[in-house]
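A.B. asks: First, the structure itself, so that you have it in front of you.
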Amino acid sequence: MHDTTPTQQPTETNRIYGGLVSARGLDLDQFESIQTQVHAWTTEAGTGVKFVETRGLPIVDIVLRFKAGTVQDTAHTGLAALTLYMLDEGSQQYTATQQAENLERLGAIVEKQIRLEHATLSLRSLSTQAVLGQALAVFTDLVARPAFPTSALDKIKPQLLQSSASRERHPVLRARSEAFRHLFSGHPYGSPLGNTEQGVTAVTTDDLRTFHQRAYSASNLEMVVVGDLSLAEAQTLSRQISEALPQGWLATDLPTVPAPTRATLHVEQPGASSAVLLALPLNVPANDPQFPALLLASDVLGKGLESRLMVELRQRRGLTYGVHTHVLPLRAGGLFTTEWEVAPAHVQGSQELVVALLRDFIEQGPTPAELRVARKQLEGQLLRSVAQNKRLAALLTEFTHHRQPEDHLNTYIERINRLTPADVRTAMQRHLDLSYTVQVSVGPSVEQQPLPAPHQ
C-alpha cells in the first residue's frame, strides 16, 4: 500500500528550521496553547503573591523580589548592593557558616541578584515538609533578620569595588554603562553600576540596617511560588515569610526620565576588537499593548542566525561573529539596543550600516515570513520557560514586576499571533526615533577603513 498524501514543499520558514515537514502535511510549527493556572493574593502585611502548582517533581521554587535596587540608593551609592550581599553573612540566629552548612545539608539553593529596580532572592528546595520547613526557616531568617557584622562588611566592600572595576574593563558592559549614563543623566538610572568608591567606603552597618528596615519591608515585596505544593500550603508559606519581614514601607515611583539627546561616544581601550552599541530611548512599559510588536521587531532584527542584522553583518560581510538586539523595559523608561563587536577599523562603517538597516526596517517593517519565524521563536521561549519550575518562577516574577494582567501568560501566544507586519511597523514608527540615536564604541582608535563588499 502506498501513501498518496501529497508531498508538502518546504517553505522559507521550514528551511530555517532545518526543513522538517510532516509527511502527513501537518504544520509542525503549531504550538499548543498555554493553560497555566496562576493563583494570586495579597498577604495581610501587603505582599503580592503569585502561585502555580506543579506536581511533576518534588521541588519548590520561591522568588522574593524587593523594590530595593540601586535606584533606591539615596544615602550612599552602593548601599543597595551591599545590603543584599550582606544578607547571607550571618543573622541574629545563625553565623554565615551555619547558614551555608544548613542549606548544604538540606540540598537547598539560595541565589541573589541586584539590578537597577529590584533586589531578588530565591530559594529552591525539596518539597517534603521535613526539608522545606527547615530550608524555609533558614531562608526567612537570612532575609528578615540579618546581623550585618562589621567584619563581613569590611570584607565585602573591596569585593564589590573590584567587581565594578572589572565590569568597567569589559568592553560590552562598559558600552552599556556609557549609554545609560548619557541617556539617563541626572536620573537614578544614570548610575548603572550602582556604586562608587566614595559611596561604598562611606556605608556603615547602621546604614545597612536602616535601608533593610525600609526596602526589605513586606509591603515592598513581590513573591512568586512555583512547585509541588497545594494552594493552602503556598498561602501558609507566603504568610510566614511576609510576617517575618519589616513592615510598612513601600518604594515610591521613580521620576520621569530626562528628554533624550543624540550622541556619539567613544571610550579608548586597548584590544583586538571594538564593542559597539547603538541605543534608542524606548519609553514603552512592558504592559503596553504595542510592546509585543516591539519584541517581534527585535527578534526579526537581531535574534538568531537568520535575523536581518546577522545576515548582513556576518553572513554577507564577515564583520562580526554576532549582533544582537535587546528590548529593555523599565518602570520609568527603557531602551532598544543593538550590540556587536567588530574590527576597530570598521567601527564607523558598521555603525552607518546598522543605522541604515534600522531606518529601512522602521520604514518598511518585517516581511510575513520574517514575522512568522519571530513568532515561533517567542512562542518556543515561552513554552520552554513554562515547562521548567525555576524558569516559570522567573517568568512570573518578571510579569509581576511589569504589572502584566492576570491572563498575560495564557493569552500571550494568541496575542502575538494576531500581530501583522503592519502592526509591527506601526509600533516601531511610533516608538523608535533614530534622531535620538546614541552610539557608543569601546576600543582602540585607529584609521577607519571602508567596509568589505557584501557576498552575494
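A.B. asks: Looking only at region 87-109, count every residue that is farther than 14 Å from Asp141 by Cβ and either in contact with a Leu (Cβ under 8 Å, 6 or more places away or on another chain) or crowded, with 22+ Cβ neighbours inside 10 Å (or both) and tell me the total.
C.D. replies: Residues meeting the conditions: 2.
A.B. asks: Continuing with the same structure: On the phi > 0 side of the Ramachandran plot and in contact with a helix residue (DSSP H, G or I) (Cβ under 8 Å, 6 or more places away or on another chain): is that true of Gly199 in this structure?
C.D. replies: For Gly199, the condition - on the phi > 0 side of the Ramachandran plot and in contact with a helix residue (DSSP H, G or I) (Cβ under 8 Å, 6 or more places away or on another chain) - is not met.
A.B. asks: Still on this model: Quickly run through region 269-302 and pick out the residues that are β-branched (Val, Ile, Thr) and under 17 Å from Thr420 (Cβ atoms).
C.D. replies: Of everything in region 269-302, just one residue is β-branched (Val, Ile, Thr) and under 17 Å from Thr420 (Cβ atoms), namely Val300.
A.B. asks: Scan region 211-256 for residues that are closer than 24 Å to Gln92 by Cα and assigned to a helix (DSSP H, G or I) and report the count.
C.D. replies: 17
A.B. asks: Then there is this: Which residue, of Ser230, Ser163, Ser191, is buried (at least 16 other Cβ atoms within 10 Å of the Cβ) and either under 30 Å from Glu44 (Cβ atoms) or small (Gly, Ala, Ser) (or both)?
C.D. replies: The unique qualifying residue is Ser191.
A.B. asks: Checking the condition in contact with a Lys or Arg (Cβ under 9 Å, 6 or more places away or on another chain), closer than 27 Å to Arg169 by Cβ and modelled with pLDDT of 95 or more, which residue from Val276, Val267 passes?
C.D. replies: Val267
A.B. asks: Pairs under 6 Å by beta carbon, first residue on the phi < 0 side of the Ramachandran plot and surrounded by 20 or more Cβ atoms within 10 Å (Cβ to Cβ) in region 284-296, partner charged (D, E, K, R) and modelled with pLDDT of 95 or more, six or more apart or different chains?
C.D. replies: Close Cβ pairs satisfying both conditions: Ala293/Asp423.
A.B. asks: Yes or no: region 304-319 includes at least one residue that is in a loop (DSSP other than H, G, I, E, B) and closer than 30 Å to Thr70 by Cα.
C.D. replies: Within region 304-319, not a single residue is in a loop (DSSP other than H, G, I, E, B) and closer than 30 Å to Thr70 by Cα.
A.B. asks: Can you report the number of residues in region 382-414 which are in a helix (DSSP H, G or I) and either under 23 Å from Leu116 (Cβ atoms) or touching a residue at least 12 places away in the same chain (Cβ under 8 Å) (or both)?
C.D. replies: Total meeting the criteria: 23.
A.B. asks: Under 8 Å by Cβ, and 6 or more places apart or on different chains, what pairs join a residue from region 89-115 that is assigned to a loop (DSSP other than H, G, I, E, B) with one that is acidic (Asp, Glu)?
C.D. replies: Gln92/Asp141; Gln93/Asp141; Tyr94/Asp141
The values are calculated or read from the model by the stated rules, or taken from the named source; none is laboratory data. Source: prediction; values computed, not measured. Don't worry about glycine lacking a Cβ; one is built from the backbone with ideal geometry, like all the others, and counts go over all protein chains shown.
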